[in-house]
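Have a look at the structure below, then the notes.
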Amino acid sequence: MQVLNHQGIEIEIDSGFKFGDAFFNLLNFVKLPDDKDSNRSSIEQQCNIFYRDIMNYGFVDSHNQHLRDGRFDLAAKNLNEINKLSLDYLTGLRKKEFYERKLISLKNSMYQSDTSDFSLIICDLDKFKEVNDRFGHSVGDDTLKVFGPLLLASLRPSDFAYRYGGEEFLVLLPETNLHEAASVAERIRVNIEDRLHLGHYGLNQITAHDISKSVIESDDVSAINDVFFLSKDLTCSFGVANYLDCAQSTESLFLRADENLYLAKANGRNKVEY
């Protein structure tokens, strides 16, 4: 299999498609979802996607050697380390650098007829500075820790989420037109508005919680272990853009999504603009 390294040069890696318990144990580290409604239904396809999107050029030589030697335990450790290096430690989302790699991959796939279209969502936590100023940076960090899994839970297995910086996030949506992307953004918006809140149980300190509004507003105290005291609802604003609509320019794609995000903020926040 060929992948692009950091200089854009194609390099060959060994996918390691060998049968047996050792290889299936290796794939346990990959943990890609098996979406029956997509092309991710086989071990080979899942592994291909993993290698194409996550493999770091600096690990290729040692990884290939581990596979040639049959040391699947070391190969699995290698993959696990690669995966950890690609993740933002607070949110669990991919780092900004991996957004650029995936963007290039999606663009190249279009010209190879592997994919038809893709879209971008830029997401920004509303008034996040107020969280840090009022409650402290540790609460701000806790908010990001809760936000990351909530964002991922709102996405499809084929989508890719990244922390772009601070409280700004990017989502790449393969095989997705503009209206479909807006629907995904709206699903994220509703999920965050419903479930991400600052507050405390009893005498505990204020921090971020994943708790549905229906539970907070319930008169049935038995619905939760203790009474939850709400301090602040948290929301997000979204700008959405589509690659084909932006004349197949990645720069225009980002600028269009960013302009729509600014519009969502200007129109009162907690909105999706596209």
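When PHE160, PHE128 are screened for being open to solvent by less than 20 Å² (accessible area, probe 1.4 Å) and either under 30 Å from THR176 (Cβ atoms) or modelled with pLDDT of 95 or more (or both), only PHE128 passes. For ARG256, indicate whether it is open to solvent by 50 Å² or more (accessible area, probe 1.4 Å) and either of a type in the set (Lys, Arg) or without any contact (Cβ under 8 Å) to a residue 12 or more places away in the chain (or both). For ARG256, the condition - open to solvent by 50 Å² or more (accessible area, probe 1.4 Å) and either of a type in the set (Lys, Arg) or without any contact (Cβ under 8 Å) to a residue 12 or more places away in the chain (or both) - is met.
Inspect all residues belonging to region 140-155 and state whether any of them is over 28 Å from ALA266 (Cα atoms), open to solvent by less than 50 Å² (accessible area, probe 1.4 Å) and in contact (Cβ under 8 Å) with a residue 60 or more places away in the chain.
No; the residues of region 140-155 include none that is over 28 Å from ALA266 (Cα atoms), open to solvent by less than 50 Å² (accessible area, probe 1.4 Å) and in contact (Cβ under 8 Å) with a residue 60 or more places away in the chain.
Among the residues of region 170-201, just one is in a helix (DSSP H, G or I), open to solvent by less than 60 Å² (accessible area, probe 1.4 Å) and of a type in the set (S, T, N, Q), namely ASN191.
Selection of first residues in region 183-203 that are over 23 Å from ARG134 (Cα atoms) and in contact (Cβ under 8 Å) with a residue 60 or more places away in the chain and of second residues that are open to solvent by 10 Å² or more (accessible area, probe 1.4 Å) and not basic (Lys, Arg), restricted to Cβ pairs under 6 Å at least 6 apart or on distinct chains, gives the following pairs, ordered by first then second residue: ALA185/VAL272; GLU186/VAL272; ARG189/VAL272. Inside region 163-192, residues that are at positive phi and either in contact with a strand residue (DSSP E or B) (Cβ under 9 Å, 6 or more places away or on another chain) or at pLDDT 95 or above (or both) make up a count of 2.
Residues of region 238-253 that are under 21 Å from the mean Cα position of the chain (by Cα) and either surrounded by fewer than 20 Cβ atoms within 10 Å (Cβ to Cβ) or farther than 18 Å from LYS127 by Cα (or both): VAL240, ALA241, ASN242, TYR243, THR250, GLU251, LEU253.
Number of residues in region 103-131 that are more than 25 Å from ILE192 (Cα to Cα) and either among the β-branched types (Val, Ile, Thr) or not in a loop (DSSP other than H, G, I, E, B) (or both) equals 10. The listed residues are SER105, SER113, and the only one of them that is out of contact with any helix residue (DSSP H, G or I) (no Cβ under 6 Å at 6 or more places or on another chain), open to solvent by 50 Å² or more (accessible area, probe 1.4 Å) and of a type in the set (Ser, Thr, Tyr) turns out to be SER113. Taken over region 259-274, the criterion of being in a helix (DSSP H, G or I) and open to solvent by 80 Å² or more (accessible area, probe 1.4 Å) is satisfied by GLU259, TYR262.
The values are calculated or read from the model by the stated rules, or taken from the named source; none is laboratory data. Every value quoted in this text rests on a predicted model; they were computed, and no experiment measured them. Heads up, the Cβs are rebuilt from the backbone with ideal geometry, glycines too, and the neighbour counts pull from every protein chain shown. SASA here: full protein model, heavy atoms, side chains in, ligands and nucleic acids out. Shrake-Rupley method; radii C 1.70, N 1.55, O 1.52, S 1.80 Å.
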